[in-house]
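Participant: One structure, as structure tokens, below. Some questions next.
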Amino acid sequence: MKEKYEAFLNERRSEHLEEMKAFLRIPSVSALSEHKEDMNRAAKWLVDSMKKAGLENVKLMPTAGNPIVYADWLHADSDKTVLVYGHYDVQPVDPLHLWQTPPFEPDIRDEKIYARGASDDKGQVFMHIKAVEALLQTEGKLPVNIKFCIEGEEEVGSPTLEPFVAENKDLLAADVLVISDTPMLERGKPAICYGLRGLCAMQVDVYGANGDLHSGIYGGGVANPLHALSSILASLHDADGRVAVKGFYDQVVPLTAEERQAYRELNYDEGAVKQELNVSELYGEAGYSFLERTWARPTLEVNGLYGGFQGEGTKTVLPAEAHAKLSCRLVANQEPDDILNAVEAHIHAHTPPGVRVTVNRTDKGRPFQMPYDHPVIQAAMTAYEKAYEVKPALTRMGGSIPIVEGFGRLLAIPIVLMGFGLPGENFHAPNEHFHLENFDKGLLTICAYLKELVHTDWN
């Protein structure tokens, strides 16, 4: 028997898609100051949409950056409260010429909606609002209490969100946090992400002589910063792809036998990855599969390397300096500052004589991991199965969403990452899109989840 909300959503589908298009037309690019007013427009659009849906106490809450949109509905018979987090800012659109249709003129073709923010994360935020509206319109109330916290700075690292959460813990108090900003495994295969890697990054600068030198006059007699930097970088890994920094793995929580078996049962096609990327072999820490390496093991990568003459032809110069950008992806229990300390100590210990090295620390964020057998995750699995008629996969994600760990730490609540995007939807690239199949089924999943939580005990 179909739920009342399902008929409501089917009847209003065209109307809802037109509303979502209006949201997507706003160029809320947080990285570019020229779009500051567009950020405010997007936030105000959310306020109006939330009020229309039946949410209460809807307001713009100022921060040192872009405003946060808050709303709630707190009249449920259940004493459980769900907090929904998302973001209304989007990535820049460059390179513009690669877009088939303009990025802020939403276009539906082949049952996909194309626009910047369609999948990351405006489309998925919009779904939560419409799920609330559908339940209120068809049942007159929500099964659980609900709060929304939607920010406008996720794409620039959420610099003001954690202080906001710390200052508003009572306002945001809830029993579970739900985030839809992670991908499904593939089409028709929903996934619940129970772990995110953390992040830390740094720039390494190597200095030699007080200026570039003629390589014929000084070569072989003065240390070359490029040679020194190459030596340092080569020392970071051993021959088996393992990070050679002392203490790097000390706090790593090993994969359980159950997790490794679950990953094997996903039957992930590593050959297809090689073909897609046009590489002859995959690379990484010996003894682990591609999924294990990218989801559940820490890494240290060189992201950029530069110095000396870069132009066409030859310039026989011994450069005065060389530079590299490094980043690490971290897993549960690894602290960014501890890893930064360990890598910096390794760099200084492996610096050849005759050069001077400085290390400047940049980004950092803690990893996040939830027990995959937690009742709120099991309830999410039930909701997905009702909508998609298939059991969802339990996955981790190689990327980082630092504020997730911050929410869990500050509010002391479990977090469920139940996304509806697909890996190939070009989240940060030209022609971003969102499959409308997952718009439809995602709405049903969210409604089912809110109802499922009524019968779930975890506190």
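Participant: Within segment 34-59, track down each residue that is among the hydrophobic types (A, V, I, L, M, F, W, C) and over 25 Å from Glu15 (Cβ atoms).
Facilitator: Scanning segment 34-59 gives a single hit, Met39.
Participant: Write out, first by first residue and then by second, each pair whose Cβ atoms fall under 9 Å of each other, whose residues are 6+ apart or on separate chains, and whose first residue, in segment 439-459, is open to solvent by 10 Å² or more (accessible area, probe 1.4 Å) while the second is at pLDDT below 95.
Facilitator: Partner pairs satisfying both residue conditions: Leu444/Glu3; Lys451/Glu3.
Participant: If you scan segment 254-287, which residues turn out to be closer than 20 Å to Leu330 by Cα and among the β-branched types (Val, Ile, Thr)?
Facilitator: Listed by number, the list holds a single entry, Thr256.
Participant: Is at least one residue of segment 197-206 in contact with a strand residue (DSSP E or B) (Cβ under 9 Å, 6 or more places away or on another chain) and in a helix (DSSP H, G or I)?
Facilitator: no
Participant: Which ranges mark the helices (runs of 4 or more DSSP H) fully within segment 207-321 that have 3 or more residues being farther than 30 Å from Asp373 by Cβ?
Facilitator: Passing ranges, in order: 215-218, 225-234, 270-277.
Participant: Now for a different question. What helices (runs of 4 or more DSSP H), lying completely within segment 348-459, carry at least 1 residues that are within 18 Å of the chain's Cα centre (by Cα)?
Facilitator: Hits in segment 348-459: 402-411.
Participant: Pairs only if they're at least six apart or on different chains, beta carbon under 7 angstrom, first in segment 365-380 and closer than 26 Å to Lys441 by Cβ, second part of a loop (DSSP other than H, G, I, E, B) and of a type in the set (D, E, K, R); list them, first residue then second.
Facilitator: That search, which allows pairs on different chains as well, returns Pro375/Asp457.
Participant: Looking only at segment 89-117, how many residues end up being closer than 17 Å to Glu155 by Cα, open to solvent by 30 Å² or more (accessible area, probe 1.4 Å) and either touching a helix residue (DSSP H, G or I) at 6+ places or on another chain (Cβ under 6 Å) or of a type in the set (Lys, Arg) (or both)?
Facilitator: 1
Participant: Looking at Leu229, Leu305, which one is touching a residue at least 40 places away in the same chain (Cβ under 8 Å), closer than 30 Å to Asp338 by Cα and open to solvent by 70 Å² or more (accessible area, probe 1.4 Å)?
Facilitator: Just a single option satisfies the conditions, and that option is Leu305.
Participant: Restricting to segment 163-189, name every residue that is assigned to a helix (DSSP H, G or I), out of contact with any Leu (no Cβ under 7 Å at 6 or more places or on another chain) and open to solvent by 50 Å² or more (accessible area, probe 1.4 Å).
Facilitator: Pro163, Glu167, Asp170
For every residue, the table says whether it meets (1) over 30 Å from Thr358 (Cβ atoms); (2) over 25 Å from the mean Cα position of the chain (by Cα); (3) in contact (Cβ under 8 Å) with a residue 24 or more places away in the chain; (4) exposed (fewer than 14 other Cβ atoms within 10 Å of the Cβ).
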position: Ala257; (1), (2), (3), (4): yes, yes, no, yes
position: Tyr263; (1), (2), (3), (4): yes, no, yes, no
position: Leu266; (1), (2), (3), (4): yes, no, yes, no
position: Leu291; (1), (2), (3), (4): yes, no, yes, no
position: Thr294; (1), (2), (3), (4): yes, no, yes, no
position: Phe309; (1), (2), (3), (4): no, yes, no, yes
position: Gly313; (1), (2), (3), (4): yes, yes, no, yes
position: Val317; (1), (2), (3), (4): no, yes, yes, no
position: His323; (1), (2), (3), (4): no, yes, yes, no
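Participant: Of everything in segment 239-255, what is modelled with pLDDT of 95 or more, under 30 Å from the mean Cα position of the chain (by Cα) and either under 15 Å from His323 (Cα atoms) or open to solvent by 70 Å² or more (accessible area, probe 1.4 Å) (or both)? Give them in sequence order.
Facilitator: Matches in segment 239-255: Asp240, Arg242, Lys246, Asp250, Gln251.
Participant: Also, I was wondering about something else. Starting from residues that are out of contact with any helix residue (DSSP H, G or I) (no Cβ under 7 Å at 6 or more places or on another chain) and assigned to a loop (DSSP other than H, G, I, E, B), keep the ones in segment 122-150 and report whichever is surrounded by the most Cβ atoms within 10 Å (Cβ to Cβ).
Facilitator: It comes out as Lys141.
Participant: Going through segment 75-102 one residue at a time, which ones are more than 21 Å from the chain's Cα centre (by Cα) and either part of a loop (DSSP other than H, G, I, E, B) or within 30 Å of Leu453 (Cα to Cα) (or both)?
Facilitator: Selection gives His75, Ala76, Asp77, Ser78, Asp79, Lys80, Thr81, Pro95, Trp99, Gln100, Thr101, Pro102.
Per-residue answers, yes or no, for (1) of a type outside the set (S, T, N, Q); (2) touching a residue at least 24 places away in the same chain (Cβ under 8 Å); (3) closer than 22 Å to Ala380 by Cβ:
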| position | (1), (2), (3) |
| --- | --- |
| Glu56 | yes, no, no |
| Met61 | yes, yes, no |
| Gly65 | yes, yes, no |
| Val82 | yes, yes, yes |
| Gly86 | yes, yes, yes |
| Gln91 | no, yes, no |
| Leu98 | yes, yes, no |
| Pro103 | yes, yes, no |
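Participant: Another question, if that's okay. Could you check, for segment 199-208, whether at least one of its residues is surrounded by fewer than 15 Cβ atoms within 10 Å (Cβ to Cβ) and under 28 Å from Ala349 (Cβ atoms)?
Facilitator: There is no residue in segment 199-208 that is surrounded by fewer than 15 Cβ atoms within 10 Å (Cβ to Cβ) and under 28 Å from Ala349 (Cβ atoms).
Participant: Ala64 passes all but one of (1) in a strand (DSSP E or B); (2) open to solvent by 60 Å² or more (accessible area, probe 1.4 Å); (3) of a type in the set (A, V, I, L, M); which number fails?
Facilitator: Here Ala64 clears every test but (1).
Participant: Related question: Do you know which of the residues in segment 32-56 that are among the aliphatic types (A, V, I, L, M) and in a loop (DSSP other than H, G, I, E, B) is least open to solvent (accessible area, probe 1.4 Å)?
Facilitator: Step one: list which residues in segment 32-56 are among the aliphatic types (A, V, I, L, M), which gives 32, 39, 42-43, 46-47, 50, 53, 55.
Subset that is in a loop (DSSP other than H, G, I, E, B): 32, 55.
Details: Leu32: 65, Leu55: 11 Å².
By that ranking, first place goes to Leu55.
Participant: Here's a follow-up. So His374 ticks every box in (1) open to solvent by less than 80 Å² (accessible area, probe 1.4 Å); (2) touching an Asp or Glu at 6+ places or on another chain (Cβ under 9 Å); (3) more than 25 Å from Cys200 (Cα to Cα) but one. Which box is left unticked?
Facilitator: The single condition His374 does not satisfy is (2).
Participant: For segment 1-31, give me the residue count where each residue is among the hydrophobic types (A, V, I, L, M, F, W, C), surrounded by fewer than 15 Cβ atoms within 10 Å (Cβ to Cβ) and assigned to a loop (DSSP other than H, G, I, E, B).
Facilitator: Counting residues in segment 1-31 that are among the hydrophobic types (A, V, I, L, M, F, W, C), surrounded by fewer than 15 Cβ atoms within 10 Å (Cβ to Cβ) and assigned to a loop (DSSP other than H, G, I, E, B) gives 2.
The values are calculated or read from the model by the stated rules, or taken from the named source; none is laboratory data. Every value quoted in this text rests on a predicted model; they were computed, and no experiment measured them. Cβ coordinates were reconstructed from backbone atoms using ideal geometry, including for glycine residues, and neighbour counts include every protein chain displayed. Side chains are part of the model used for accessible areas, which takes the heavy atoms of the whole protein and leaves out ligands, DNA and RNA. Shrake-Rupley method; radii C 1.70, N 1.55, O 1.52, S 1.80 Å.
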